[in-house]
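Visitor: Have a look at this one.
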Protein chains: 2
Amino acid sequence: MQKQQTLSRNQKIIFDLIDKSPEPMKAYSILFNVQKKGIKAPLQVYRALDKLIEIGKIHKIESRNAFIACQNSSCQISKATAFSICESCENVSEISNSKLSKYLSNFSDDSGMKYSKYNLEFFGLCKKCKSK
Amino acid sequence: MQKQQTLSRNQKIIFDLIDKSPEPMKAYSILFNVQKKGIKAPLQVYRALDKLIEIGKIHKIESRNAFIACQNSSCQISKATAFSICESCENVSEISNSKLSKYLSNFSDDSGMKYSKYNLEFFGLCKKCKSK
DNA sequence: CATGTAAATGTTATATTATTACATAGCGTT
DNA sequence: AACGCTATGTAATAATATAACATTTACATG
Ligand SMILES: [Zn+2]
Ligand SMILES: [Zn+2]
Ligand SMILES: [Zn+2]
Ligand SMILES: [Zn+2]
């Protein structure tokens, strides 16, 4: 079990919003949505995002500059993330596949580099978009 | 063998610059460096970058918003990229490992999604930085 | 060689994403 | 109370990327 983090006010507002969203949210869309709750500036959003990422409650989809709630009941593995992204409808989901994560976590080559973290993004067409 | 692409003037200027750089280059740093050659606007840079990415001569390091020349003599596999990134010195190199690429290209899960492309970024400490 | 068309270029303005700098507030420990 | 730490507030600005529109170049093919 991992330590339960208590979220601060801004962190909670922003996490709840992202968590309810069916799709990854962009920072300024988050900002727009929380302005009625008193969060007025980009920096307030980015600070909360940074913290939420650090504790594994959300992840950043790098290729989209967007943020998604962790779909693994708060990623034990926030340092080992994998996503599938539909290039047609932009649906994103977190891949939870122990073989894959084991394979990548143990990956090493002859570069002498010690890999402590990875992020993998798969692209393709989701079931729905394929059948169109 | 893949079709030999002829680069246009701007594409060539920008590719040569990136190719000579020992580290990934950012778009506005590229812009700054090619202004003496007559490329004056961001869009000219981004258009060349888009094309170079499309034909596999360069890749974008998503987590860094930076661009690197393909280190696999023009990636047959520009749709299957893997990089190692040192979080201390920011050295980036392209991983060319046929087992890894085979594993990932063939990866599938029960989501019904057909993966046609992936990008993987490993993070850690390079040999040099580890021994400091 | 004229004509069509796709690709590339040039230019200005603007949108989007993210950080710097500085000031203040809350909270637990000593 | 004094300290250290985390979080917050606010303004300004930096960094990354695209939209819109006009023009030019390459080159196939009739
Ligand atoms: Zn997760
Ligand atoms: Zn889809
Ligand atoms: Zn490559
Ligand atoms: Zn290093």
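Visitor: All but one of (1) assigned by TED's automatic domain parsing to the domain that holds A:Met25; (2) under 20 Å from B:Phe107 (Cα atoms) hold for A:Glu62, so report the exception by its number.
Guide: With respect to (1) assigned by TED's automatic domain parsing to the domain that holds A:Met25; (2) under 20 Å from B:Phe107 (Cα atoms), A:Glu62 is out only on (2).
Visitor: In this structure, does B:Glu90 turn out to be surrounded by fewer than 17 Cβ atoms within 10 Å (Cβ to Cβ), at pLDDT 95 or above, within 16 Å of ligand 4 (Cβ to nearest atom) and within 14 Å of another protein chain (Cβ to nearest Cβ)?
Guide: Here the answer is yes, as B:Glu90 does meet what is asked.
Visitor: Would you point out the residue of the range A:116-132, among those that are crowded, with 21+ Cβ neighbours inside 10 Å and under 11 Å from B:Ile85 (Cβ atoms), that is nearest to ligand 2 (Cβ to nearest atom)?
Guide: A:Asn119
Visitor: Something else now. Quick one: B:Ala82 ticks every box in (1) facing chain A (nearest Cβ under 8 Å); (2) outside any helix (DSSP H, G or I); (3) at pLDDT 95 or above bar one, so which box is it?
Guide: Checking B:Ala82 against (1) facing chain A (nearest Cβ under 8 Å); (2) outside any helix (DSSP H, G or I); (3) at pLDDT 95 or above, the one that fails is (1).
Visitor: I'm checking my understanding of the structure. Among residues of the range B:46-78 that are touching a Gly at 6+ places or on another chain (Cβ under 9 Å) and closer than 15 Å to B:Ile95 by Cβ, which one is surrounded by the most Cβ atoms within 10 Å (Cβ to Cβ)?
Guide: B:Cys70
Visitor: Which residues, counting only those in the range B:27-45, are on the phi < 0 side of the Ramachandran plot and surrounded by fewer than 14 Cβ atoms within 10 Å (Cβ to Cβ)?
Guide: Scanning the range B:27-45 gives B:Tyr28, B:Phe32, B:Gln35, B:Lys36, B:Lys37, B:Lys40, B:Ala41, B:Pro42, B:Leu43.
Visitor: Within 16 Å of DNA strand D (Cβ to nearest atom) and β-branched (Val, Ile, Thr): which single residue out of B:Ile13, B:Ile95 fits that description?
Guide: On inspection, the qualifying residue turns out to be B:Ile13.
Visitor: Identify all residues within the range A:94-119 that are within 14 Å of ligand 1 (Cβ to nearest atom), farther than 30 Å from B:Lys132 by Cβ and either in contact (Cβ under 8 Å) with a residue 24 or more places away in the chain or more than 7 Å from every other protein chain (Cβ to nearest Cβ) (or both); write none if there are none.
Guide: A:Glu94, A:Ile95, A:Ser96, A:Ser98
Visitor: Here's a follow-up. With modelled with pLDDT of 95 or more, among the hydroxyl-bearing types (Ser, Thr, Tyr) and either within 26 Å of B:Ala66 (Cα to Cα) or not in a loop (DSSP other than H, G, I, E, B) (or both) as the only criterion, which of A:Ser63, A:Ser111 stands out?
Guide: Exactly one residue qualifies, and that residue is A:Ser63.
Visitor: Scanning the range A:120-132 for residues that are within 7 Å of chain B (Cβ to nearest Cβ) and more than 22 Å from B:Asn97 (Cβ to Cβ), which turns out nearest to ligand 3 (Cβ to nearest atom)?
Guide: Here the answer is A:Leu125.
Visitor: Can you confirm whether B:Cys89 is over 17 Å from A:Ser101 (Cα atoms), assigned to a loop (DSSP other than H, G, I, E, B), away from DNA strand D (no atom under 16 Å from the Cβ) and of a type outside the set (Gly, Ala, Ser)?
Guide: It is true that B:Cys89 is over 17 Å from A:Ser101 (Cα atoms), assigned to a loop (DSSP other than H, G, I, E, B), away from DNA strand D (no atom under 16 Å from the Cβ) and of a type outside the set (Gly, Ala, Ser).
Visitor: Check the range B:48-63 and report whether any residue there is polar (S, T, N, Q) and farther than 23 Å from A:Ile85 by Cα.
Guide: Within the range B:48-63 (the criterion being polar (S, T, N, Q) and farther than 23 Å from A:Ile85 by Cα), the answer is no, since none of the residues qualifies.
Visitor: Shifting gears a bit: State whether one or more residues within the range B:11-20 are at pLDDT 95 or above and more than 16 Å from the chain's Cα centre (by Cα).
Guide: yes
The values are calculated or read from the model by the stated rules, or taken from the named source; none is laboratory data. What you see is a predicted model, and the numbers here were worked out from it, not measured in a lab. As a convention, Cβ positions derive from the backbone with ideal geometry for all residues, glycine included, and neighbour counts pool all protein chains shown.
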